[in-house]
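Here's the structure, in C-alpha cells; my notes come after.
The values are calculated or read from the model by the stated rules, or taken from the named source; none is laboratory data. Just so it is clear, the structure is predicted and the values come from calculations on it, not from any experiment. Note that we place each Cβ from the backbone using ideal geometry, even for glycine, and neighbour counts take in every protein chain shown. For accessibility, only protein heavy atoms count, side chains too; no ligands or nucleic acids. Shrake-Rupley method; radii C 1.70, N 1.55, O 1.52, S 1.80 Å.
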Amino acid sequence: MRHVIALDVGGTGMKAALVGVDGDLLHQARRPTGRERGPDAVVEGILDFAAELRAYGAGRFGEPASAAGVAVPGIVDEGRGIAAYSANLGWHDVPLRDLLAERLGSPVALGHDVRTGGLAEGRIGAGKGADRFFFVPLGTGIAGAIGIDGRVEAGAHGFAGEIGHIVVRPGGTPCPCGQRGCLERFASASAVSQAWARACGDPDADAADCAKAVRSGDTRAQAVWQEAVDALADGLVTAVTLL
C-alpha cells in the first residue's frame, strides 16, 4: 500500500504517522524529543525515528514510504531544507532534509512546524474554504501561521506569524529570544507548567496538572490559568488588529 511518513518534531515530543493516498491514518507513533541530551542527539533521534517508521511501513504494507514530510520548530529555510535555528532544541543550520533523504532513500519535504500545521488546517481542517485565517497552536512555545489565499505567508525572512514573541508584558519574564515579556513566557504549556510548579510547590507539576486543579476549583491554579488566558488574549488582539 502506498503511503508517506508524516513526522512532527516538537520541543518535548515527536508525533508521527503513516498516511495513505486518501489521507487515511494507517499508523501513529510518539516518542520524546530528548532535548535534554543536546541538539546532536535530538537530530540522531529524529533520523532513527524516521528509519523505524520506514521499516514498519515496509513490513506492514509491503513497501516503504514513498516520501516523508517533516515539520520542525524554530527558523526553517524550507527552500534549502535546513533547520536554521531553534531556541528550544538548541540546533543551528542542520541540513535535516538531506540527512533524512539519505537515511530513508526517498524524497523529503522539510517545513516549519506551525506553518505546516496551518497549511494542513487550511487545506483539510477548520480553515478549509476560508481565504484568510490565523492558526495559533499552543505547545512548548507559541507561534502562528497566516493563511492567505490557500498558502501560508512565511514573511521576508521566515518570521511571519511569530505571535509568541509579541511583547505582552513589557519588562516581564526574560525570553530566550532576548526580549522580556513575550507572550510564550506566559501562555505556552511550558510557561503554565513553570508557573503552576511554583504556585503548588511541586517541581514536577505541569500544565496538565494545572488544568486538573482548575477543574477541581483550586484558586491557585485558577489564578495561574487566568494569567495565561489574559496574556493570550492580549497577544491575539494585537495579531488580529495587524492582520
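What to note about this one:
- Once the chain from ASP22 to ARG151 is taken as fully extended at 0.36 nm per residue, the excess over their C-alpha distance is 44.3 nm.
- Contour minus Cα-Cα distance for VAL229 and ASP77 (0.36 nm per residue): 51.5 nm
- Using a simple spin-label model with pseudo-atoms 7 Å out from Cα toward Cβ, ARG198 and ASP98 lie 4.4 nm apart.
- Between the listed residues VAL19, ALA160, ALA126, the Cα displaced farthest toward the positive end of the dipole of the chain, a dipole computed from Cβ unit charges relative to the Cα centre, is found at ALA126.
- About its Cα centre, the stretch 55-134 has a charge dipole of approximately 220 debye under the convention of +1 per Lys or Arg Cβ and -1 per Asp or Glu Cβ, with nothing else charged.
- Accessible area per residue for the stretch 100-243 is 53 Å², calculated with a 1.4 Å probe on protein heavy atoms, without ligands, DNA or RNA.
- Length released on extending from GLU36 to PHE61, taking residue separation times 0.36 nm less the Cα-Cα span: 5.5 nm
- Near ALA145: Cβ cut-off under 14 Å, other residues only, Lys/Arg at +1 and Asp/Glu at -1. The net charge is -3.
- Solvent-accessible area, 1.4 Å probe, carbon plus sulfur percent, for the stretch 18-64: 46 percent
- Solvent-accessible area, 1.4 Å probe, carbon plus sulfur percent, for the stretch 94-184: 56 percent
- Options GLN222, ALA29, GLN179, ranked by Cα towards positive dipole end of the chain, top entry (Cβ charges): GLN222
- Cα-based radius of gyration of the stretch 144-204 once divided by 2.2 N^0.38 Å, which approximates compact folds: 1.41
- More than 30 angstrom apart: percent of Cα pairs within the chain: 31 percent
- Charged side chains reduced to their Cβ positions (Lys and Arg at +1, Asp and Glu at -1) give the stretch 6-152 a dipole of some 260 debye around its Cα centre.
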